[in-house]
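A.B. asks: Structure incoming, see below.
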Amino acid sequence: MPPRARSRRLWAECLLIALLLPALLGWLAQRPGLLEANLFVYARLLHLRRPAGDPGIAIIGIDAKSIDALGPWPWPRTVEAELLDRLAPVAPRAVMFDLFMTTPAPRAGDDARLAAAMARVPVFLPVRFDAATATRPQSRFLPPVPALARAAAGVGHVNLLVDSDGAVREINRFEGDGRQQVPYIGLLLAARSGLDLPATRGRPAERGDGWRMQGRFGFRFAGAAASYPVLSFVDVLRGQVPDHALRDRILLVGTLTDSLLGDDLNVPARRFTAPMPGVEVHANAIQALRAGRTIGFPEGPVRLLWIALPVWLVLLLCAWRPARTAWWVLGVGLGVLATSATLLAMAALWFAPPAPLLGVVVAGVLWAWRSAVDQVRA
């Protein structure tokens, strides 16, 4: 084959690689293997730069001490009402119950008693996610009982996204069944600090049952469990906590590990995943929202371009200096890692490096193999 024809064929094959390889890697990036590699790198980069705990957030923990003192769980709702009565004079910024109150209290009048106490303190309550079943093929949110929903300062979802490795790192700003999109309860709490709710909710993702999720965001962890002030429920109830520890703070009420009520989740708060009470996971997410330091995950054409650019660059460099193919692969690969880490640290954007790294290596190998074949034929 004449040299000119060989050159045209080589460039045509490179163009084919440049078009097909990024598309293939974009598909593979959402499949087992690359997906786990992405989570592995992401968790370790999150670990390298921890924020300090937000002094404006504290946890009122339902712990073993409180259960021993107040009796077995669940408690009558008058107990939560008494807690709010204790908190009202010290004026907390807000109180969030990480407890579902979607069914009426067993005792008549308890819901009305709690609703009256809520009128004195800004209280935020969660909706409960009710997954689709064979008899009801549509997921839904169950709201708090009407008397409590009317008395609440806000009602939001508390769904945490569990990745394929079993760890929690992300939350959707809005979720719902298509008829109604419910905001994450942390958005409502962050708004108490002056944060505006986002005007746009981002591109929706839809599950097979019609459930829609929008505005996915990630967040860093201040550390392992107990990185925020943790106050025992019974100590607060009995007035054994000083007022300054409660005043003008966002107070999150939820179960702790030693309560044995089973609300712990795995999070990347250390070098490897470790358990953390769900209420403290929300504390970390709310801190990120209040500080404006949530992590974004570019999708669509931007993500595909992130995968394609390193592949195109290494192919161009190899065409320019074929003898240095290995160095080009190494250099571009290191550049991908450095760029990914820098964007996460400086711009709070996560561009996963495993897919473009694999693309750079595959492009380099294909170029070297094709050049070797061409030389043999020559």
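The values are calculated or read from the model by the stated rules, or taken from the named source; none is laboratory data. Just so we're clear, the structure is a prediction, and the values are computed from it rather than from any experiment. Cβ sites come from the backbone with ideal geometry, for glycine too, and all protein chains shown count toward neighbours. Ligands, DNA and RNA are stripped out before the accessible areas are found, and what is left, the full protein with its side chains, is counted by its heavy atoms. Shrake-Rupley method; radii C 1.70, N 1.55, O 1.52, S 1.80 Å.
A.B. asks: Suppose a student asked you for the relative contact order of the chain, using Cα pairs under 8 Å spaced at least 6 residues apart; what percent would you report?
C.D. replies: It rounds to 23 percent for the chain.
A.B. asks: Continuing with this model, one more query. Pop out the ³J(HN,Hα) list for segment 20-32 in order, Karplus 6.51 cos²θ - 1.76 cosθ + 1.60 with θ = phi - 60°, rounded to Hz; leave Gly and Pro as x.
C.D. replies: My calculation for segment 20-32 gives 7, 5, x, 5, 5, 5, x, 6, 5, 4, 9, 10, x Hz in order.
A.B. asks: If you find the alpha carbon centre of segment 206-222 and of segment 325-344, how far apart are they in angstrom?
C.D. replies: 29
A.B. asks: May I pose another question? Here are several values of semi-axes √(5λ) of the Cα gyration tensor in Å: [x] 66, 43, 18; [y] 41, 28, 18; [z] 52, 21, 16. Which one was derived from the coordinates shown?
C.D. replies: [z]
A.B. asks: Given the options I250, A274, L260, identify the residue whose Cα lies farthest towards the positive end of the charge dipole of segment 232-285 (+1 on Cβ of Lys, Arg; -1 on Cβ of Asp, Glu).
C.D. replies: A274
A.B. asks: On to the next question. Please check the chain for the longest run free of trypsin sites (Lys or Arg not before Pro) that are loop-located per DSSP (anything but H, G, I, E, B) and have at most 10 other Cβ atoms within 10 Å. Kindly include the intermediate steps, with their values, before the conclusion.
C.D. replies: On the way: sites that count: R49, R179, R207, R271.
The reported range is 50-178.
A.B. asks: Got a sec to turn the phi values of segment 163-178 into Karplus ³J(HN,Hα) couplings, 6.51 cos²θ - 1.76 cosθ + 1.60 with θ = phi - 60°, whole Hz, x for Gly and Pro?
C.D. replies: 6, 5, 8, x, 9, 9, 9, 9, 9, 8, 5, 9, 9, x, 9, x
A.B. asks: Skipping prolines and chain starts, which residues have an amide H placed within reach, meaning under 5 Å, of the one on H157, given they are 5 or more residues away or on another chain?
C.D. replies: Here the answer is V127, Y184, I185, since their amide H atoms fall under 5 Å of that of H157.
A.B. asks: Roughly how many percent of the accessible protein surface of segment 13-129 is carbon and sulfur, given a 1.4 Å probe and a whole-percent answer?
C.D. replies: Carbon and sulfur: 65 percent of the exposed surface of segment 13-129.
A.B. asks: OK, next. If you average the alpha carbon positions of segment 127-194 and of segment 239-270, how far apart do those two centres end up, in angstrom?
C.D. replies: 20
A.B. asks: For L15 and H47, compute 0.36 nm times the residue count separating them, minus their Cα-Cα distance, and round to one decimal in nm.
C.D. replies: On the way: separation 32, 0.36 × 32 = 11.52 nm, distance 3.92 nm.
Computed gain between L15 and H47 is 7.6 nm.
A.B. asks: Same structure again: With the other protein chains left in place, how much accessible area per residue, in square angstrom, belongs to the chain at a 1.4 angstrom probe? Display every interim value, and only then the final one.
C.D. replies: On the way: 18140 Å² over 378 residues.
On a per-residue basis, 48 Å².
A.B. asks: Using 0.36 nm per residue, how much length does the chain from R324 to H244 gain when fully extended, once their Cα-Cα distance is taken away?
C.D. replies: Going from the current span to full extension adds 22.3 nm.
A.B. asks: Just the accessible area for H244, please: 1.4 Å probe, Å², rounded to the nearest 10?
C.D. replies: Its accessible surface works out to 140 Å², give or take rounding.
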